[in-house]
1. Given segment B:169-270, what strands (runs of 3 or more DSSP E) lie entirely inside it while holding 2 or more residues that are under 30 Å from B:TYR448 (Cα atoms)?
2. Conditions first: (1) buried (at least 24 other Cβ atoms within 10 Å of the Cβ); (2) out of contact with any Asp or Glu (no Cβ under 7 Å at 6 or more places or on another chain); (3) of a type outside the set (Lys, Arg). A:VAL129 passes all but one, so which condition is the exception?
3. Where the second residue is open to solvent by 10 Å² or more (accessible area, probe 1.4 Å) and of a type in the set (D, E, K, R) and the first is over 12 Å from A:HIS436 (Cα atoms) and lies in segment A:472-499, which pairs have Cβ atoms under 7 Å and are six or more apart or on separate chains?
4. For segment A:224-269, which residues satisfy the criterion of being of a type in the set (A, V, I, L, M, F, W, C) and within 18 Å of A:HIS315 (Cα to Cα)?
5. Pairs, please: C-beta under 6 Å, at least 6 apart or cross-chain, first residue farther than 21 Å from A:MET294 by Cβ and in segment A:208-235, second open to solvent by less than 40 Å² (accessible area, probe 1.4 Å) and among the basic types (Lys, Arg)?
6. Which number in (1) among the hydrophobic types (A, V, I, L, M, F, W, C); (2) more than 30 Å from B:GLY41 (Cα to Cα); (3) out of contact with any Phe, Trp or Tyr (no Cβ under 7 Å at 6 or more places or on another chain) marks the one condition that B:ILE391 misses?
7. Please verify whether A:ASN407 is among the polar types (S, T, N, Q) and in a strand (DSSP E or B), treating the condition exactly as stated.
There are 2 protein chains.
Amino acid sequence: MRQIFVTTCLGVAAMFAVNAQANDELIKLSGDAKQWVLPTGDYANTRYSKLDKINAGNVSKLQVAWTFSTGVLRGHEGAPLVVGDVMYVHGPFPNPVFALDLAHDGKILWKYEPKQDPDVIPVMCCDTVNRGLAYADGKIFLHQADTTLVALDAKTGQVVWQKKNGDPKKGETGTSAPMVIKDKVLVGISGGEFGVQCHVTAYDLKSGNQVWRAYSEGPDNQILVDPQKTTSLGQPVGADSSIKTWQGDQWKIGGGCTWGWISYDPALNLFYYGSGNPSTWNPKQRPGDNKWSMTIWARNPDNGMAKWVYQMTPHDEWDYDGVNEMILADQQIGGATRKTLVHFDRNGLAYTMDRDNGELLVAAKYDPKVNWTSGVDMTKGSPTYGRPKVIPEYSTEHNGEDKNSKNICPAALGSKDEQPAAFSPQTGLFYVPTNHVCMDYEPFRVSYTAGQPYVGATLAMYPPQGETNMGNFIAWDAKAGKIVWSNKEQFSVWSGALATAGGVVFYGTLEGYLKAVDAKTGKELYKFKTPSGIIGNVMTYEHGGKQYVAVLSGVGGWAGIGLAAGLTDPKAGLGAVGGYAGLKQYTSLGGQLTVFTLP
Amino acid sequence: MRQIFVTTCLGVAAMFAVNAQANDELIKLSGDAKQWVLPTGDYANTRYSKLDKINAGNVSKLQVAWTFSTGVLRGHEGAPLVVGDVMYVHGPFPNPVFALDLAHDGKILWKYEPKQDPDVIPVMCCDTVNRGLAYADGKIFLHQADTTLVALDAKTGQVVWQKKNGDPKKGETGTSAPMVIKDKVLVGISGGEFGVQCHVTAYDLKSGNQVWRAYSEGPDNQILVDPQKTTSLGQPVGADSSIKTWQGDQWKIGGGCTWGWISYDPALNLFYYGSGNPSTWNPKQRPGDNKWSMTIWARNPDNGMAKWVYQMTPHDEWDYDGVNEMILADQQIGGATRKTLVHFDRNGLAYTMDRDNGELLVAAKYDPKVNWTSGVDMTKGSPTYGRPKVIPEYSTEHNGEDKNSKNICPAALGSKDEQPAAFSPQTGLFYVPTNHVCMDYEPFRVSYTAGQPYVGATLAMYPPQGETNMGNFIAWDAKAGKIVWSNKEQFSVWSGALATAGGVVFYGTLEGYLKAVDAKTGKELYKFKTPSGIIGNVMTYEHGGKQYVAVLSGVGGWAGIGLAAGLTDPKAGLGAVGGYAGLKQYTSLGGQLTVFTLP
């Protein structure tokens, strides 16, 4: 707005300067290991910190420095930000935001709590979670449950601007963390269980004006795909690549939601994210590949145009919602350094891809119990190249509507859900919080009504046959597609991991333990029982010369929906209530931040 | 019930055996410093522990061992119990009870949560607090918000019996901890702001049958006073000692509630408690001394009969609700060992009395700012012996209805409220969490309607003129009636204190800090910021050879009612909302237990 008095020409120059500045600011800040300025820690989503004062040699002496209650029950996903001397903490609906003074044990500098219609709560499929805040240009960005994207003055908590990103009355809700890239705030949307046509949208950092919107399915001009230039596995996608894979207008209620984490490669100027399951969960009702649901996207942040796409699970039959994060890491594969993207999909396969061109390098099961597929066809030139081979016994479409397909692994919540993995360049390993859960799945016919659940399946969840642990925390070699070590956990590990230069990896458990393990061996070095189950992501920062590790507790999310929403019917929560019924022996609701340091 | 098949004679013998057993069990268990079996720690209410592994020399190294969330927001008063290897944790409405496994970081052995009509919430004057559980005879006793007294099997959490102690539709609510003495469960009642005729009631430990009920005001047979044998300051109280101090039938809606702590002297077989303010808060509406509101009671637990009474604040004009605890300690006074009772009243005076006969030994201000009285007439034989001398300027009756009396100290919430003090026999000092708050008070005429607020006053609260701190934590010499040391606190200290043989005194602050100070000097040795403001009482126990200190966080209570109930009008909460508005800069709602130990 300051530029309105200069000439148009100068105005454009100034705008470029601002763009570069915002970009540079975040790239610079996110490179400072003492801060945690992105919801993902870094643009590459490695969740790796160069801090090493807390390390494998001393982490057993870790202790709690201070704690903070958010005043909200239900599930607390995401992680706080640290910018300078201030920590920004978010919570689930009603989405309070706190600015806490790091120099004074988290004294509250300001609090913002939006007024939102509580009618949004029943429209939130899997708890009233929020995955965190973004920071840029002196502003804190919050994506509210009701889809309002709000920019707050980071110093005062005053609203700078706010925009509606969707309409809860149509089933559109906000749960994801925004991501700032250059001069834009990018934000996805939730509602795959309500037949939403999902999208990623870019808003101008300064004004909040919408710049572009890219849908997951629809005509090329809605999905921002160039039929010639946008590729899939090296081939142009061609015209109408999405709509021709849907029956009639089903793409308009096709899901493909975008509530996962966003990654960005400044050198390639591409950002990456996954689109989710097609609606409904009854595959018989939506013939076709349902593109571009279940897809890894590489887009240009300036205009939203897709450079490449890769659909992992064409015609999903299991709700293997492809939203999980893309971790960007350069790795030696086949004697060459490849700019890779590594993705642990809900479908139980871990993908290693060339992030520049979308070449598929590795696709391997990261839980040996995965049984719906025998693997991906890796034969280039094959008509089914890149497609997973489905085992008929575990195909819910093959078995048919109103038929209960049993012992499908993984369950709908996947071998991993939104809980982000970490990558350590020290070890070259990926650290993955996993679900070790199977399911019975019975699809049934459902009709679409705007704002009403559009699910069409009944589920039960349980550990794999003959086992009792519902989770593992694993170290993964993404070059070879192999598990290096695996720690059993009683419940799904629904917390995001943190890897550090101290040779330690941190994660939380649904019982409420923060754990530190040796990055090389997985040996448990420390654990502490926080007030409630952990579904938040562990982060670290330095302040006053000391390294701190922090995590939000607050049991909930899909796995904890029984506790979070007070449900007791085992079939409720799409089978999660019965599957995770044992959680109530360990923990109770409550949203708290626990901050750790060495004495 | 097991005795019904034996002869009557044997049955009686068996009952006596049971009585003695229950009594002996608690006396023995409460003498074991490793456990914390009474809500008050010990029958004498000293809140002193003989444990000394954590001491003044090492307490600075204290760290958090484990934590637990209760899943309830709003104010958490009271303290958990520890019986054997199990910790029993309670919460405010809806009053969940958790049995936690000390050997496994508080794994939940069982949870009990009563179904209660939420209509009780608006009938709870000063937050939905509950002050804790009692244990005896393999049972856990909970006094629910709706006044149900429930006995739970300590091993399973199954209901053994339950009884209604009152009627929330009349304004009667349950907030106090039950106390087991011999074969009876004693429990008071809340509702002084609703015109309740309050009482202490004894229920049979085994059956839950009511054994006796002693009202605070009413005819002699209701208040269980013997006109000849019950004394006040050494004189028989005479017939109709209560009802003749009320106009007409006003005693029937007279208040005198009983929600404080109960003490017991097994040698004297007397139990002690205070009765609260007379209803309404407009003194003009209720002429007379309003006996026995504002009274210290010494009663026989077998039949409830009063041995002696002492009314501290006849005809209350300030809501100096006399419910605070009586601490029983033998002290050298005037060259002799006296069986004393020490009481820090809301009215700002600390009383030292002979607990056998009710002789008044010392009455002194424990906050120098107390200005409504120049002190108690200590001249034996004087017609006003034992009565406080009221300063007309600060008499709300003198100034009249609809007149705003200003700068009265202390405020209605007293120089101390329910937050219990501690006594260390090592130092001979009492450690008192205090409020340092004054008020404007404007009484107005109010009519009584059952179940509706019957207050009749508007208040504002603030620190004493020229000061900013609203609390002090003091050490008190109850023999001399003098402050030994005093630590300023920004807000009222609404947490109960713990003194230990380690020469350390612990307390919590409304900002959320647990603090440890040197018992001799008050020097701060340790502080830790818990997730929420502390209004719970600090307790200690030993398990597996290690000493632990534990406290409930959860801001609320009267001082924290603004945060707890989401009130913003400064006059709301009878002036507490405005007085404590600054709290929101420090803490947020949340109910959590924090357990500390040494590395």
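The values are calculated or read from the model by the stated rules, or taken from the named source; none is laboratory data. Note that the coordinates shown come from a computational prediction; the quantities given were computed from them, not determined experimentally. Using ideal geometry, Cβ is built from the backbone for each residue, glycine included, and neighbour counts are taken over all protein chains shown. Surface areas here come from the heavy atoms of the whole protein model, side chains and all, with no ligands, DNA or RNA. Shrake-Rupley method; radii C 1.70, N 1.55, O 1.52, S 1.80 Å.
1. B:184-187, B:199-204, B:210-215
2. Condition (2) is where A:VAL129 drops out.
3. If the second residue must be open to solvent by 10 Å² or more (accessible area, probe 1.4 Å) and of a type in the set (D, E, K, R), the pairs left are A:VAL484/A:ASP477.
4. Quick first cut of segment A:224-269, residues of a type in the set (A, V, I, L, M, F, W, C) only: A:224-225, A:233, A:237, A:239, A:243, A:246, A:251, A:253, A:257, A:259, A:261-262, A:267-268.
Selection gives A:LEU233, A:VAL237, A:ILE243, A:TRP246, A:TRP251, A:ILE253, A:CYS257.
5. Partner pairs satisfying both residue conditions: A:VAL211/A:LYS184.
6. (3)
7. Details: among the polar types (S, T, N, Q): yes; in a strand (DSSP E or B): yes.
So A:ASN407 passes the test.
Okay, residues lined up against (1) in contact with a Phe, Trp or Tyr (Cβ under 9 Å, 6 or more places away or on another chain); (2) surrounded by 24 or more Cβ atoms within 10 Å (Cβ to Cβ); (3) more than 14 Å from chain A (Cβ to nearest Cβ); (4) over 26 Å from B:VAL185 (Cα atoms):
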{"residue": "B:GLY41", "(1), (2), (3), (4)": "yes, yes, yes, no"}
{"residue": "B:LYS53", "(1), (2), (3), (4)": "no, no, yes, yes"}
{"residue": "B:THR67", "(1), (2), (3), (4)": "yes, yes, no, yes"}
{"residue": "B:ARG74", "(1), (2), (3), (4)": "yes, yes, no, yes"}
